[in-house]
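Everything on this sheet refers to the single structure shown next.
Only the coordinates and a few stated rules stand behind these numbers; no lab work does. None of these values were measured; they are calculated from a predicted model.
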Amino acid sequence: MVDEMLNQDNYFTWKFKSRMKLMKKGLLDHIDGVNALYDENVALWKVNDSTAFAIVASSITQTFNQWCEEQIRPPKCGKY
């Protein structure tokens, strides 16, 4: 996952590294809000969406986890 955890002092570094990690895995569209659901790809899109959420959620310190608790989709946590 992402090597650097988000905290009060590192948002821009964390954001850059997180975006690069998601881009490398082909998951950045899930964070940027691009919704390319096609009937034949819905299941794969949902898997990738969950993977993207897990990558971002795993790089947020416990202090910030409350912002994303009980959210199904990453965009509800705030614009990445």
The answer for residue 25, listing residues at least 5 apart or on another chain whose modeled amide H is closer than 5 Å to its amide H, is none
The set of residues whose placed amide H lies less than 5 Å from the amide H of residue 60, leaving out same-chain residues fewer than 5 positions away, is 6
